[in-house]
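Read the structure below first, then the notes.
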Amino acid sequence: MNRKNIVIALAGNPNSGKTTIFNAITGARQHVGNYPGVTVERKEGRVKYKGHDITVIDLPGTYGLSDYSPDEVVARRVIIEEKPDILVNVVDASNLERNLYLTMQIKELEVPVIMVLNMADVAEKNKVKINYEMLSQLLGLPVIRAVGSKNEGIDEILEAVINCDSVRSSIRERQVRYRPEIEKEMSRLEEQLQSLKHLGLETAAGVDEGVSFLSTPSRWLLTGLLGNDKLVSKQIAVYKESQSFMSEVEQSRMRLNNLLGDDPEMALVEDRYAFTRGICREACQRSTLDDKLTLTEKIDNVMLNRVLGIPIFLGLMWLLFQLTFTLGSPPMDWIDAGVSTLGDWLNANMADGMLRSLLVDGIVGGVGGIIVFLPNILLLFLGIAFLEGTGYMARAAFVMDQVMHKAGLHGKSFVPMLIGFGCGVPALMASRTLENPRDRLVTMLVTPLMSCGARLPVYSILTAAFFPGQMGGNILFSIYLLGIFMAIVMARIFRTWVLPGDTEPFVMELPTYQLPTIRNILIHMWERTWLYLKKAGTILLAISILMWGLFTFPTADSRGGKWENSTVQLENSYAGQLGRAIAPVFQPLGFDWKTSVALVAGLGAKEVVVSTLGTLYSIEDEEALAGEEGESFGGFAERAREQSGYTPLVAYVLMIFTLLYVPCMAFIAVMKRETNGWKWPLFTIAYTLILAWVVSFLAYRGGLLLGIGI
Ligand code: GDP
Ligand code: MG
């Protein structure tokens, strides 16, 4: 720094050793007074260091920067109005987590700050190991070790102060992220606040004290307003233009109160602690001799344990999937029965013709086929919402972080990928929690490899037909595992060649454990389910109709005659022609033209593969195809074997291909929106197609060579 006069302010919790550091820096050159209007002592001192004149202000000790006490108000006033060149955040290293709360509030003010980890001797005596490098990265500020009472670290502090230009560049980074509900309200208010700021700064330029509040960062103001900080609201309300804005704020607060079932102020505090807890778990190791552990810390010592963490995680995931599949199958059958009843009813009560065919085969069949997995998806999302509500999901991301990093993913990628087992569309939305765009992109790219609910019916019919009994379960499991494995491999590849760059460490928030409220769970479950239903109701409806058209037309041959039967008709439909045209591409995988047609049909939505196979092998009774009777599956197996040379191997390869090739069109559409363009959706289509072909080819040829399943 070229400047000769530097003003620094020491901020920190009471008893963090601020005054000790202050004395060590300034020696006897001190001046004690009072802040105007309050009985808070103001201490100022001076020091010369390497030709710089440094003024040091010892701020009152505070735990935060809200309006809870006169000390906090004074401390933040000084920071906002006197704008010291650098804030020195003195932190008690032996009590890091609690001290970081203030740090996070300071970060929101976006002032240059350096951190002094004081009481390092006490921390070391208590066997608290702090990773300074990691802490500095996670917070985006320099961290200096100090023992104020022994004058250790004082020169380093002064050195950092005069070299602090580098700090300025990162003041906007690494701030607390609040829960999505709060972030949503903040971005809702952001724009209006911006225009208010412009207006206010123009009209009142430098006249009243509110001006300095208006020039503070929006995030800080908004958390203050949403957290019901009376002084911030007062400063904003000074401007008469602010009326409509303030009523918007009030509405936001009410919405949040309603949604969170609590005052947003509590949620803001809790989210800051979730953040600091995450930092501490990442950057310090401590022996467990501390007997003042909170319940959350005690639970975390088990959940995040190096040895137990992963087994517990795997156990919970196993439970989640057991629940989803066992509880989900009876209602699935009911819905399935309902859909076919509706189809039958339409068949019985409508005149034969195009309209009936469109309704029954196109719309009811198409959309009905999608609604069938609703119970599965609801249960999976219910379980995820419950685990999120308790606070465990954040731990799962934490536990998986190391493993995920090996794959080039981030711990937080885990939740979207898990949701991907239900449906890829809400998974894309869930990946928004990844703040690093590259991490998010890689996550979005591999999410389609998680086997979503729509692929399940394809596996079900193929396993039932070709892998009877116990074998079927293992086959199904192997397909899911293959998806996960391919996701890891592809993520690694994308990280290395397509989106290279280090995965930066990011804070993973660890909220307090709690029993979630039923309301909260239901809200979260419904949000994701709704995304799925919307997809079924819009994009997939359109695709069902389109596919129906491709399979139905042309209705007559070139001479105007009717086709002899439905199979011939299908063979000559547009879809059939397309399937036959591209059949050579699939031939090396063991698929004939009929399978090719089914795969083409599945381009829009995977679930269509099943109904297409049903039509192709003229299984008249759709119910038998989807039902449980072994006989009808036997019938399907027999026909597929006779007409298309299906073997268990071919069936398995077809499952692999279905797993890997092209996410459904709804996924592509949402991905286009989330990535702002066609580049990544098209890339996803291309890579999944190639991947599916290559892996299927290897599986088929390998199987033939080894003589498995032929
Ligand atoms: P303040 O409230 O932040 O101003 O804290 P003080 O500077 O008054 O310090 C509180 C107590 O901690 C005093 O008794 C100091 O002697 C002691 N202290 C300050 N820094 C250190 C340190 O680095 N190590 C140890 N062991 N004690 C310290
Ligand atoms: Mg003091």
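Residues that are open to solvent by 10 Å² or more (accessible area, probe 1.4 Å), within 16 Å of ligand 2 (Cβ to nearest atom) and not charged (D, E, K, R): list the strands (runs of 3 or more DSSP E) wholly contained in segment 96-180 that include at least 3 such residues.
By residue number, no strands (runs of 3 or more DSSP E) qualify.
When you look at D92, is it open to solvent by 10 Å² or more (accessible area, probe 1.4 Å), at pLDDT 90 or above, within 16 Å of ligand 2 (Cβ to nearest atom) and more than 30 Å from K4 (Cβ to Cβ), yes or no?
yes
Condition first: outside any helix (DSSP H, G or I) and either surrounded by fewer than 19 Cβ atoms within 10 Å (Cβ to Cβ) or not assigned by TED's automatic domain parsing to the domain that holds P457 (or both). Can you find one or more residues in segment 250-262 that meet it?
Checking segment 250-262: at least one residue is outside any helix (DSSP H, G or I) and either surrounded by fewer than 19 Cβ atoms within 10 Å (Cβ to Cβ) or not assigned by TED's automatic domain parsing to the domain that holds P457 (or both).
Can you confirm whether I25 is within 11 Å of ligand 1 (Cβ to nearest atom), open to solvent by less than 20 Å² (accessible area, probe 1.4 Å) and farther than 29 Å from V232 by Cα?
So I25 fails the test.
Select, from R76, R29, R42, the only residue that is among the basic types (K, R), out of contact with any Asp or Glu (no Cβ under 7 Å at 6 or more places or on another chain) and within 30 Å of E270 (Cα to Cα).
Criteria check complete, one pass: R76.
Failed condition for I54, given (1) within 29 Å of V232 (Cβ to Cβ); (2) away from ligand 1 (no atom under 15 Å from the Cβ); (3) buried (at least 18 other Cβ atoms within 10 Å of the Cβ), with all others met?
Failing condition for I54: (1).
Got a number for residues in segment 493-508 being modelled with pLDDT of 85 or more and under 14 Å from Q402 (Cα atoms)?
Looking only at that region, the number is 0.
Quick check on segment 38-76: of everything there that is without any contact (Cβ under 8 Å) to a residue 60 or more places away in the chain, away from ligand 2 (no atom under 16 Å from the Cβ) and in a strand (DSSP E or B), which residue is nearest to L221 (Cα to Cα)?
T55
Which ones in segment 65-76 are more than 15 Å from ligand 1 (Cβ to nearest atom) and either open to solvent by less than 10 Å² (accessible area, probe 1.4 Å) or out of contact with any helix residue (DSSP H, G or I) (no Cβ under 9 Å at 6 or more places or on another chain) (or both)?
L65, Y68, P70, R76 - these are the residues of segment 65-76 that are more than 15 Å from ligand 1 (Cβ to nearest atom) and either open to solvent by less than 10 Å² (accessible area, probe 1.4 Å) or out of contact with any helix residue (DSSP H, G or I) (no Cβ under 9 Å at 6 or more places or on another chain) (or both).
Mind listing whichever residues of segment 456-483 are part of a helix (DSSP H, G or I) and exposed (fewer than 15 other Cβ atoms within 10 Å of the Cβ)?
Q470, M471, G473, N474, F477, S478, L481
What helices (runs of 4 or more DSSP H), lying completely within segment 343-452, carry at least 1 residues that are within 30 Å of T326 (Cβ to Cβ) and at pLDDT below 85?
365-371, 374-390, 392-406
The values are calculated or read from the model by the stated rules, or taken from the named source; none is laboratory data. Nothing here was measured: the structure is a model prediction, and the numbers come from that model. Cβ coordinates were reconstructed from backbone atoms using ideal geometry, including for glycine residues, and neighbour counts include every protein chain displayed. What goes into the accessible areas is simple: the full protein's heavy atoms, side chains included, and nothing from ligands, DNA or RNA. Shrake-Rupley method; radii C 1.70, N 1.55, O 1.52, S 1.80 Å.
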